[in-house]
Every structure is written in C-alpha cells, then in structure tokens.
Amino acid sequence: MTFSQETHDRAKAVIARYPAGRERSALLPLLHLVQSEQGYVSGDGIGFCAETLGLTRAEVSAVATFYTMYKRHPTGDWLVSVCTNTMCGVLGGDKAYQAVSGHLGVGHQETTDPADGPQITLEHAECLAACDYAPVLTVNYEFFDGIDAEAALEIVKQLQKGERPQPSRGPRLCTFNEIEAQLAGFSDERQGAVGEGPAGEPTLAGNRLAAKYGIAVPGFDPETPIVSKGDK
Amino acid sequence: MSAPSQAALAKLTPVVTKRWLSPDAWKIDVYERLDGYAALRKALKARPDDIIALMKDSGLRGRGGAGFPTGMKWGFIPQDPPGDGGGKPPGKPHYLVINADEGEPGTCKDLPLMMADPHSLIEGIVIAAYAIRAHFAAIYIRGEAVHAARRLRAAVDAAYARGYLGRNILGSRFDLDLVVHSGAGAYICGEETALLDSLEGYRGQPRLKPPFPATHGLYKAPTVVNNVETIATVPFIVLGGAEWFKTMGTEKSPGPKIYSISGRVNNPGQYECALGITLRELLELAGGMRDGHQLRFWTPGGSSTPMLTAEHLDVGLDFEAMAAAGTMLGTTAVQVFSDQDCPVYATYRWIEFYHHESCGKCTPCREGNYWMARVLRRILSGQGTVLDLDTLLDTCDNLLGRSFCALGDGAASPVVSSIKWFKQDYLDYIEGRTPPMFAAEELAGAH
C-alpha cells in the first residue's frame with residue numbers, strides 16, 4: 001500500500017525537528033506515524049520508514065520489534081491495557097485483567113472479533129507509573145484510575161456499545177490511530193483537549209496537607225544574588 | 001486515622017510542587033503570574049559558569065535514582081574558553097537530554113509534575129542548557145504517558161510563542177530548540193545510554209561506559225542527561241539560592257524531594273518532603289496504614305531498591321541512610337505492603353517485569369530473569385524445592401555486578417532482599433504449609 005500525501009508531509013515535519021544530519025532520530029516518531037495510518041507497523045510501514053530515512057528494512061525492523069508499543073498485528077479501535085505489575089496486581093489489577101479477559105474472550109495481545117462490535121485489543125501492561133492511583137488500566141493510553149474488576153468491565157462494555165467512557169486524567173478518548181499521531185509528536189488538535197482531566201487527589205495529597213496546616217518553606221527570597229566567581 | 005504529628009508535618013516542604021494546587025498552572029499565563037520564568041530572567045543575566053557553581057553549592061543530587069551531584073555532572077561538560085559566556089561553543093555541540101521515561105515499578109512522580117506544572121521543567125531546561133552551552137535539548141518521555149506529553153507539547157509551543165525558547169531568548173542572544181520525543185514502551189530507555197541510543201533511532205540498549213555521556217553522549221557529543229524532577233528543581237535554586245536550598249534535607253542529601261507513597265495506606269500520593277524523612281513520618285502524612293493492615297514490607301525507591309521491613313520505620317529516607325541500611329533511596333517510590341500481601345508474589349511480579357524489560361544485550365540479565373521468573377512461578381504454584389532458593393540466589397550472584405547495566409543489578413534486589421527477610425514465606429510454599437497462591441495457568445505474567 002502507499003501512504004497518504006499527508007503522511008509523507010508529516011514525515012518531513014518530523015525529520016525537521018532534529019539537528020541536520022541526524023535524521024535517524026526521527027525513526028521512533030515515524031514508526032508511530034505509520035502506525036497512526038494503519039493501526040500497526042506493517043511491512044509497508046517498515047518500508048516507508050526505511051525509504052524515508054535511507055535505512056535498510058532490516059535496520060527498521062530491528063528497531064520496530066524492540067519496542068512494545070509498535071504493534072505487529074492490526075490493533076482494535078481500543079487498546080485496553082490493564083496493569084498487572086506488583087502494586088496494581090496486589091490491589092486488584094489481576095482480578096480486573098481476568099474479568100476483562102473472560103468477558104471479551106481474548107487473552108494478552110489478542111483482539112475481539114469485528115462481528116462483536118467495536119474491536120478491542122487486550123493486553124496486560126507492566127508498570128504504568130501510576131502506583132498512587134493503583135489499580136489502573138488505560139484505553140488507548142488514557143488512564144482510568146482506581147479501578148476494580150467491576151469498573152474495568154463497565155469500561156469495556158461501554159466501549160463495546162460504541163460509547164466513550166471518560167478517562168480519569170487527560171481528555172476524552174480518541175481512537176488508536178489518532179493517539180499514535182500524537183505519539184509521532186503532533187499536537188492534539190481537539191478544542192480544549194489539552195486542559196481536560198483534573199489532577200486527582202493522590203497528585204495533590206501532600207499539597208492539600210501543607211495548605212491545611214499552613215505550611216510553607218521559610219526563607220525563600222527570589223532576589224538572592226547569584227554569586228559570581230569574580231566576586232569571591 | 002489520626003492527624004499527623006508536628007514532627008511529621010515539619011518535614012513537608014512544598015517547593016517544586018507548590019503550584020500544583022493552583023488551577024490551570026500548566027497554562028503559561030498562570031505560570032507567569034506565579035513567578036514563572038523569573039528564574040530564567042535572573043539566570044540569563046548571570047554567567048553560565050556561575051549557574052554551574054550555584055548548582056554545585058546547592059548540593060542538588062539527581063532525582064532519577066542514582067543521586068549523582070547535578071552541578072558536578074554539568075561541570076563535566078568540556079567548557080568554553082574563559083570569557084566566552086553563552087556564545088556558540090567551539091567544536092562539537094553540547095546537548096541536554098531530559099529523562100522522562102518514568103517506569104520503575106512504584107515510581108509515579110514525574111508524570112504528575114509534567115501534568116500540573118510543565119513550564120517548571122521547561123524553565124529548568126532553558127537554564128540548564130544556558131549553563132552547559134547547549135542549543136538543542138530533548139525531553140524523552142515515556143510513550144504510554146500521552147496525557148503528560150500532550151500537555152508538555154502544548155507548553156513547549158506556548159514557551160516558543162513567548163520567546164522563552166527559540167532564537168535570542170529574552171534578548172540574551174542565547175538560542176535553544178526543545179523537542180518532546182515520545183518513546184515506544186521500553187523501560188530500559190530510562191537507562192541514560194539506552195535512552196540516547198533510542199533517541200538516535202536505534203534499539204534502546206545501553207552503551208559501554210566509559211566513555212560517559214559527558215564527552216560522548218547524544219550523537220557522540222558532550223551531553224547532560226537529567227531527570228525531570230532534577231531539572232524542575234533548578235529554577236527554585238536559581239531564585240532562592242544554595243543556602244536556602246540546604247535548609248531542607250540532610251547535609252549530604254539536601255533539598256526537597258517528591259516522595260510517592262503507594263499501597264496499603266489511607267491517602268496514597270505525592271508528598272514533597274525534606275530528604276531524610278522516615279517511613280514512620282511519611283505514613284503519618286499519608287493517613288496511616290489502612291484499617292486491618294499491618295506494615296510488613298516496603299520499597300524505599302522502586303522495585304530495584306532492596307525491600308525493607310517494619311524494623312526500618314525510623315531510618316531516614318536519604319541517600320546515605322538508605323545505603324547504610326543495605327538498600328538505596330532510588331526514586332523515593334515508597335511502595336507499602338501489609339500482612340495481607342505476599343512478598344513471594346510481589347517478587348515474582350517484579351521479576352516478570354525485569355524479564356519483559358530486559359533488552360537482551362547481556363546474558364546474565366536476559367537469561368537470569370527468564371529463569372528466575374520460572375522458578376518463582378514454580379514456587380508459587382506449590383511445586384518448588386528447597387534448592388530453588390539456592391538457584392535464585394546463585395542467579396542473583398551472576399546478575400549483580402555482572403550485568404551490563406543497572407537493570408540487571410536491580411532485578412537481584414527484590415529476590416535477595418525478600419529471601420533475606422521472608423525466607424519462611426518461600427519455605428511455606430515449598431513445604432506445602434501455604435496453599436498455592438494461584439494455579440500456574442492463572443498467572444498472567446509471561447509475555
């Protein structure tokens with residue numbers, strides 16, 4: 001398949017971000033870019049990156065197969081990643097994963113049948129850096145915090161019905177291909193999306209305590225001079 | 001749940017996190033109203049070497065886990081001839097790379113920072129780049145963190161529009177370009193040389209050191225790699241000065257630090273405290289253990305830091321005291337587990353993580369984690385033998401100090417420490433006193 005003119009234009013914009021002569025730095029974003037058009041990194045996607053950067057297909061494949069987020073098979077509309085690392089697992093992530101897997105009838109890195117409505121690809125994720133919100137799952141990498149098996153099931157059922165459940169942090173959900181364009185480094189162009197998603201209580205816990213007890217660090221003077229070597 | 005004691009409250013030091021409560025602090029207008037970019041204006045009037053000296057004087061140590069002195073790291077970059085302040089350096093260009101590849105199990109401080117206050121990171125980047133004479137900087141952010149990357153990209157665009165990035169920043173004749181570069185799901189890219197390879201468009205595998213990034217980093221040029229929190233701390237030191245900064249923390253671990261407490265506590269979350277706070281005090285701040293839960297084991301700074309027990313409630317969470325207790329401060333990701341949690345299971349899960357994330361470059365880590373995950377699964381399935389404990393410890397002997405990078409060393413931590421403190425838990429599975437935790441097929445680990 002040939003890639004759209006837009007993808008070719010975007011590839012040029014990606015390369016232009018890096019210092020002259022360092023085009024290869026664009027490879028990771030370009031792999032996200034081809035994934036944003038096709039939903040996975042296909043053989044054609046490998047070829048596109050190789051041709052664009054003057055690399056061999058083998059060089060590009062070596063990189064594409066190293067990273068978990070580059071999918072080698074078509075991904076569903078919704079990539080549901082349930083964290084089953086230690087903290088989430090202990091607090092209920094394992095049960096959530098099992099519940100979702102049982103409901104969808106698919107296992108790790110498997111995708112539901114298109115006859116069953118919007119397609120969902122399931123995976124269990126290693127630590128998603130949200131232990132203070134554990135257990136968590138993500139849909140197309142947007143976080144749903146403090147879930148349990150029941151809440152996880154409710155989220156996937158909504159997705160199956162064509163609804164878009166609201167993530168805890170970050171904005172409205174967008175499709176896998178749209179999120180991959182953002183991973184290639186392009187801005188989220190949806191009106192107001194950048195501002196959506198309030199900080200949760202765990203993020204603010206320490207600050208709330210400090211505010212409640214009127215605690216501030218004393219002695220802060222922004223005019224404190226920067227000592228110059230010549231002054232010493 | 002009782003109120004925290006005065007002693008615990010006295011350890012709270014809202015500095016780097018102080019804007020997080022302000023609504024929309026991520027917007028540049030709000031950030032500017034809250035003293036944003038004041039440090040940059042101040043720094044650009046100083047000589048770059050004086051900024052480096054200020055960081056050295058402050059005693060700031062890297063917040064990414066290793067605790068290397070930041071000013072010293074900046075000072076390793078080959079410097080311009082005297083008198084050339086801020087001009088384009090001769091020879092190879094210099095680079096600044098921000099490690100935002102947060103992913104160590106337990107660690108969750110940099111993503112909320114970039115969500116709540118992305119401009120503090122950007123301001124720190126411009127100051128740091130000015131100090132080390134870099135004109136290109138990159139933030140390597142974990143791929144999965146799209147929510148934080150989205151806000152960061154918007155903040156970078158806003159900073160360009162206001163003249164805080166780009167050509168002739170604030171009329172200083174200093175130029176800086178900043179790129180936000182999303183990763184693609186590889187924990188190993190948090191290792192600084194693997195990160196650099198990844199940023200250059202290769203598989204993220206660590207490089208042999210030396211040479212170090214200070215001389216042969218990004219594109220084989222002098223490079224500083226710093227953690228998000230480290231750089232976000234810089235503007236506050238520029239404003240408040242080294243002496244003020246050292247009023248917090250301990251003599252060798254000065255300053256405030258974001259502690260991320262998770263697990264069986266009432267109020268998990270981010271608590272910015274003076275370095276050296278104890279777990280007992282942190283637990284008070286976090287509302288104590290949940291009802292019905294007794295502290296059993298905990299990590300001071302993520303899964304790669306050997307676990308501690310209730311015996312260590314009063315050990316200071318700073319670099320020196322943690323080392324003296326046989327562990328490491330790491331990323332101050334304090335994961336709290338109770339008597340209802342199984343240390344063998346926790347260890348198994350972490351080793352599945354290291355097995356998945358091992359880059360495969362060196363044999364001890366690639367093979368060691370593969371086999372340790374299987375041995376642990378066998379034990380948890382009630383099919384282990386006493387010799388399995390020797391196999392695990394022997395494997396760890398071959399990992400620790402013999403792996404190519406710290407990922408392999410880190411994998412030994414949970415295994416060795418859990419066997420040290422909780423050998424009986426292992427034996428109870430092996431000798432049938434504890435029923436198998438899961439049937440083998442229910443363990444969703446290997447992939």
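The values are calculated or read from the model by the stated rules, or taken from the named source; none is laboratory data. In this text the structure is predicted, and so the values were computed from the model without any measurement. Because the Cβ atoms are built from the backbone with ideal geometry, glycine has one as well, and the counts that use them run over all protein chains shown.
Just a few scattered comments:
- For region B:186-214, residues that are surrounded by fewer than 24 Cβ atoms within 10 Å (Cβ to Cβ) and at the interface with chain A (Cβ under 9 Å from one of its Cβ atoms) total 5.
- Considering B:164, B:202, B:219, the condition of being without any contact (Cβ under 8 Å) to a residue 40 or more places away in the chain and more than 21 Å from the chain's Cα centre (by Cα) is satisfied by B:202 alone.
- Residue in region B:173-188 that is over 18 Å from the mean Cα position of the chain (by Cα) and without any contact (Cβ under 8 Å) to a residue 12 or more places away in the chain present: no
- Single unsatisfied condition, residue A:146 versus (1) part of a loop (DSSP other than H, G, I, E, B); (2) more than 10 Å from every other protein chain (Cβ to nearest Cβ): (2)
- Restricting region A:89-133 to residues that are among the charged types (D, E, K, R), more than 17 Å from residue B:105 (Cβ to Cβ) and in a helix (DSSP H, G or I), the residue that is nearest to the other protein chains (Cβ to nearest Cβ): A:95
- 3 or more residues over 30 Å from residue B:210 (Cα atoms) and at pLDDT below 95: qualifying helices (runs of 4 or more DSSP H) within region B:1-92: none
Yes/no matrix, rows are residues, columns are (1) crowded, with 20+ Cβ neighbours inside 10 Å; (2) not assigned by TED's automatic domain parsing to the domain that holds residue A:149:
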position: A:26; (1), (2): yes, yes
position: A:29; (1), (2): yes, yes
position: A:33; (1), (2): yes, yes
position: A:44; (1), (2): no, yes
position: A:56; (1), (2): no, yes
position: A:89; (1), (2): yes, no
position: A:98; (1), (2): no, no
position: A:104; (1), (2): yes, no
position: A:112; (1), (2): yes, no
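- Within region A:1-24, the only residue that satisfies the criterion of being under 27 Å from residue B:217 (Cα atoms), crowded, with 18+ Cβ neighbours inside 10 Å and away from chain B (no Cβ under 12 Å) is A:11.
- Residue check, residue B:149 in contact with a helix residue (DSSP H, G or I) (Cβ under 9 Å, 6 or more places away or on another chain) and closer than 15 Å to residue B:26 by Cα: yes
- Those residues of region B:323-342 which are facing another protein chain (nearest Cβ under 10 Å) and closer than 22 Å to residue B:426 by Cβ, in sequence order: B:335, B:336, B:337, B:338, B:340, B:341, B:342
- Residue under evaluation residue B:260, criteria (1) over 23 Å from residue A:86 (Cα atoms); (2) facing chain A (nearest Cβ under 8 Å); (3) touching a residue at least 24 places away in the same chain (Cβ under 8 Å), criterion not met: (1)
- Boolean, residue A:116 is modelled with pLDDT under 95 and more than 23 Å from residue B:299 (Cβ to Cβ): yes
- The set of residues from region A:202-225 being more than 7 Å from every other protein chain (Cβ to nearest Cβ) and not in a loop (DSSP other than H, G, I, E, B) comprises A:208, A:212.
- Verdict on residue A:167 being assigned to a loop (DSSP other than H, G, I, E, B) and either basic (Lys, Arg) or more than 27 Å from residue A:44 (Cα to Cα) (or both): yes
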